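> This is the structure I have questions about; it appears just below.
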Amino acid sequence: MSDEHFLRVENLTKTYGTTTVVKGVSFDFAKGEFISLLGPSGCGKTTILRMIAGFETPSRGSITVDGENITAIPPNQRRLGMVFQAYALFPNLNVGDNIAFGLKVAGIGRDERRTRVEEMLKLIGLPGYDKRFPYELSGGQQQRVALARAIAPRPRLLLLDEPLSALDAKIRVSLRQEIRAIQRELGITTVFVTHDQEEALSISDRIVVMNAGDIEQLGTPHDIYNRPATRFAATFVGQLNTLPARISDAAAGQANLGGRTITLPGLPSGIVNGAEIGLAIRPEMLSPVPRAESDISLDGTIHDVSFLGSVVRLRVDLQGTMVNVDTFNDQSAVPPSRGDAVAVHMASRDLMILPR
Amino acid sequence: MKPNKLWAWIVFGIGAAYFLVPLIATFEFSLKMRRGYYSFDSYASVFSDPRFQTTFGYSTLIGLFAIVVGILVVVPAVYFVRLRLPHLRPLMEFITLLPLIIPAIVLVYGYIRLYNSSSIIPFTGSALGTDVLLTCAYVTLALPYMYRAVDTGMRAIDIKTLTEAAQIMGADTARIITSIILPNILVAVLSGAFLTFAIVIGEFTIASLLNRPAFGPYLQNIGANRAYEPSALAIISFIITWGAMGMIQLLARFAPRTSARTD
């Protein structure tokens, strides 16, 4: 088995009664990759993770890790590590014993266990914490200990089930960077489940966007954000404006947008003249001032101004269509006001034709 | 003092007197063995009675066995029902309440009919067999208390996630129960154990009808034939029971603490 197919999931299906929560999902991941399963609640991402862990039995399909089919193997024989949303540290054991638990189960000797615990505590930035109990630690510290406990036995695969969801915003950002740094250092293949798109975009090598038990798109964060394959992927990941347009000359790839004729890049086949389409564009690709690449300009009125710190978001009424326009904060400029007239500039190459 | 508080204290005082006056009266009576002044003669008489030592020792031993068997039966049962078969909880609740509904006399007659010396399983045919039967009867009698104590303990921890966390690190079910679940519900289990002990130490009906030399029948026998010693024994039993309850309170302080901090 090559490293390219380290984790292979084939036709994975999970049915509860008459409800199918995972619908024949297949994917392949390489050794050392950091993969995120991203999607809204109930999309089946956690069920897939739990099937990989062995806590749920697939109705159909198979899971292979490093060439070994683990579909029917009990969780305690899969040699995987997992971090849970609720930390799940053993309250009766101190930090050192929590981290050493998997090593003890594996029959590793006392001296080696102690060495490995010290290594792990150093790795997570908590040296000297081995005698403390979980209730004496903050949430972020507990989750770092949970991570150390999961990776101490050197598992083949690390599973992270929304490990940052119970933490406050600031700790979440710093811990996700720590998790990524540790994952890179150890080169451990990691599957991360999250509903937070920012989290997934910031730390993943590849993202699986899921919806209603199926994969909508699998790709790098850059691809998912800039070239969404489905309408769901486009709208779920990041902010998106949709502008209504009508195809004026399908053969020439031309459409009418706000009374102007524009040429669209890569018009999908099967679209006929007169067809109503939605053109999607990210807020940061719209600008209140013309850029070199701008070839479309639409007049509108500022409906609202939101100051978000580094970004100022304008909500603009473009002839009946509301769009968000993101601009970088400029401390020397006075922000525009509600009711101001504004010209919104964009480049036709940045427009995405949303698949129906 | 506010009128509301005053009434609360009055009600509390009446309630306390209801419980304490008979207790104080019994204690006072137990000290009157020697005419004219108070003494602990009745207590000395009780403690020096070899039957006291034998029956108390016997009931303590049977109580310890009942606790061990109770833990071995109840802890895995509650664990698996909470983890894998939660829909069976109402049935478990019902079954564990039965010993409170069915009188002990009915229970012991049932045992005697089922396990007499001419039955397929002749427990009552030997002293050891009867001791085993008595232990099982006490496990049943203490089931409502042991089950609830253990169930409450398991409710306080997230057994599903802790089980999964231990499983993914390679632990099997036996190790999960002994290394993770049991230590985290130890205080609850000990509460159930002390309640079991408190029930066993004074139980009369089953021990008497199975003709075993337990502390309960001894108490009854002394009560029927002596004047001051029964009062002394009542106070001793009371102290033992309250000692067991006090231990439960004390142990609650050592329960493993969980944290749900988000910082």
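The values are calculated or read from the model by the stated rules, or taken from the named source; none is laboratory data. Quantities reported herein were computed from a predicted structural model and do not represent experimental measurements. Positions of Cβ are generated from backbone atoms using ideal geometry, with glycine treated the same way; all protein chains shown enter the neighbour counts. In case anyone asks, the SASA skips ligands and DNA or RNA and just uses the protein heavy atoms, side chains included. Shrake-Rupley method; radii C 1.70, N 1.55, O 1.52, S 1.80 Å.
> Look through region A:127-151, keep the residues that are surrounded by fewer than 19 Cβ atoms within 10 Å (Cβ to Cβ) and of a type in the set (D, E, K, R), and return whichever of them is farthest from the chain's Cα centre (by Cα).
Per the stated criteria, the residue is A:LYS131.
> Might you let me know whether region A:77-88 holds any residue that is touching a helix residue (DSSP H, G or I) at 6+ places or on another chain (Cβ under 6 Å) and open to solvent by 40 Å² or more (accessible area, probe 1.4 Å)?
Yes, because at least one residue in region A:77-88 is touching a helix residue (DSSP H, G or I) at 6+ places or on another chain (Cβ under 6 Å) and open to solvent by 40 Å² or more (accessible area, probe 1.4 Å).
> Here's another thing I want to ask about it. Restricting to helices (runs of 4 or more DSSP H) lying wholly in region B:138-221: which have 1 or more residues that are within 14 Å of another protein chain (Cβ to nearest Cβ) and within 23 Å of the chain's Cα centre (by Cα)?
B:186-202
> Which one of B:ILE235, B:ILE240 is out of contact with any Ser or Thr (no Cβ under 6 Å at 6 or more places or on another chain) and farther than 30 Å from A:ARG154 by Cα?
Every option except B:ILE240 fails the conditions.
Quick grid of which residues meet (1) more than 30 Å from the chain's Cα centre (by Cα); (2) under 19 Å from A:ARG231 (Cα atoms):
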{"site": "A:ASN256", "(1), (2)": "yes, no"}
{"site": "A:ILE271", "(1), (2)": "yes, yes"}
{"site": "A:SER287", "(1), (2)": "no, no"}
{"site": "A:VAL305", "(1), (2)": "no, no"}
{"site": "A:ASP317", "(1), (2)": "yes, no"}
{"site": "A:ASP326", "(1), (2)": "no, no"}
{"site": "A:VAL334", "(1), (2)": "yes, no"}
{"site": "A:ARG349", "(1), (2)": "no, yes"}
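> In region A:227-241, which residues are modelled with pLDDT of 90 or more and open to solvent by 40 Å² or more (accessible area, probe 1.4 Å)?
Passing the criteria: A:PHE232, A:PHE236.
> Taking region B:24-48 as the search range and keeping residues that are in contact (Cβ under 8 Å) with a residue 12 or more places away in the chain and open to solvent by less than 50 Å² (accessible area, probe 1.4 Å), which one is nearest to B:PRO217 (Cα to Cα)?
Out of the qualifying residues, it is B:VAL46.
> At least 2 residues that are surrounded by fewer than 22 Cβ atoms within 10 Å (Cβ to Cβ) and within 14 Å of another protein chain (Cβ to nearest Cβ) in each: list the strands (runs of 3 or more DSSP E) lying fully within region A:152-221 that qualify.
Of the strands (runs of 3 or more DSSP E) lying wholly inside region A:152-221, none has at least 2 residues that are surrounded by fewer than 22 Cβ atoms within 10 Å (Cβ to Cβ) and within 14 Å of another protein chain (Cβ to nearest Cβ).
> Looking at region A:5-15, is at least one residue without any contact (Cβ under 8 Å) to a residue 24 or more places away in the chain and polar (S, T, N, Q)?
Scanning region A:5-15, I find no residue that is without any contact (Cβ under 8 Å) to a residue 24 or more places away in the chain and polar (S, T, N, Q), so the answer is no.
> Kindly provide the set of residues from region A:182-218 that are among the acidic types (Asp, Glu) and either farther than 20 Å from A:THR47 by Cβ or in contact with a Pro (Cβ under 7 Å, 6 or more places away or on another chain) (or both), ordered by number.
Listed by number, the residues that qualify are A:GLU185, A:GLU198, A:ASP205.
> Also, quick follow-up: Taking B:MET92 as meeting all but one of (1) more than 24 Å from B:LEU210 (Cα to Cα); (2) touching a residue at least 24 places away in the same chain (Cβ under 8 Å); (3) out of contact with any helix residue (DSSP H, G or I) (no Cβ under 6 Å at 6 or more places or on another chain), write down the number of the exception.
(3)
> For region A:23-68, how many residues meet the condition of being more than 25 Å from B:ALA166 (Cα to Cα) and open to solvent by less than 20 Å² (accessible area, probe 1.4 Å)?
7
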